[in-house]
Amino acid sequence: ISMYGFYIFTDSRLNIEPKIISNTFVKLYIILALIVDIDSIIHIATGMSLWPPISWLGLRYCGPFGDPNFLALFSAVVFIYIIYSDKDDIPKKYYSLAILFVNILLTLSFSTFAYIPISILLYKYTRRFSNIKKQILFLVIYFTFISLYAALDKQIEKFVVEILYKILGSYDLAYLKYGSLQIRLDTQAEAMRIFVSEWWGQGPRQLVPQLEHDTHKDVSAWLKQKS
């Protein structure tokens, strides 16, 4: 992901062309993604692979990254990069996009499935905005979304669980999968409430004592709360 940092921090006086660096990285990453795809397909067919998947609501392949979400995020960033690249920069663009799409599917990363279309839509409608306007818009969208979630969390839970049930075929799995998302949204909603009431803060190491759980996938705490 830091390939985008080259465009921000590379000094023109160094005579380094960021686009060449990014395109080289992308081409090498496509080769890695293809190897991961082949390895995953071999595992599906034979049960053997260089990088066995993790089992969490299905088999989730992660290649050498050790975490399917990391693989999905990197593949999604490269996927979007290729979409907006010139044909001459990335030869056989559609083949590359297909390789990356399979790569993302193998991770079963639901958040990444949402991340790609949202990113494309945001780019489409904000590409002419200045950076300050973009940041203000994103903050407004974020705070609006979290506020709506805090007010309609039960309705949102029912709606999302029904969608997950149709995908996973089990309400138990649907609730478990939704719990991974809900614990993060609950944390952010509560953090926003604390910020509004005490915007000056209360010092370091206050996250878990005040919110009673971590911000990322603390499903055990969510299950205790539900029970």
Of the residues Y142, Y123, Y115, which single one is closer than 21 Å to Y178 by Cα, touching a residue at least 12 places away in the same chain (Cβ under 8 Å), assigned to a helix (DSSP H, G or I) and open to solvent by 60 Å² or more (accessible area, probe 1.4 Å)?
Y115
With respect to Y95, determine if the residue is open to solvent by 30 Å² or more (accessible area, probe 1.4 Å) and out of contact with any helix residue (DSSP H, G or I) (no Cβ under 7 Å at 6 or more places or on another chain).
yes
Total residues in segment 44-65, condition farther than 28 Å from D172 by Cβ, open to solvent by 70 Å² or more (accessible area, probe 1.4 Å) and either in contact with a helix residue (DSSP H, G or I) (Cβ under 6 Å, 6 or more places away or on another chain) or in a loop (DSSP other than H, G, I, E, B) (or both):
2
Kindly provide the set of residues from segment 67-81 that are in contact with a Ser or Thr (Cβ under 6 Å, 6 or more places away or on another chain) and either crowded, with 19+ Cβ neighbours inside 10 Å or assigned to a loop (DSSP other than H, G, I, E, B) (or both), ordered by number.
P68, L71, A72, A76
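Got a sec? Which of D37, D89 is assigned to a helix (DSSP H, G or I), acidic (D, E), touching a helix residue (DSSP H, G or I) at 6+ places or on another chain (Cβ under 6 Å) and more than 30 Å from Y142 (Cα to Cα)?
From the options D37, D89, the qualifying one is D37.
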Which is farther than 30 Å from F25 by Cα and aromatic (F, W, Y), of F129, F79, F159?
F159
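The values are calculated or read from the model by the stated rules, or taken from the named source; none is laboratory data. No experiment lies behind these values; they were computed from the predicted model shown. No Cβ is skipped: glycine too gets one built from the backbone with ideal geometry, and neighbour counts run over all protein chains shown. The protein model used for the area step is the full one, side chains on, heavy atoms only, and it has no ligands, DNA or RNA in it. Shrake-Rupley method; radii C 1.70, N 1.55, O 1.52, S 1.80 Å.
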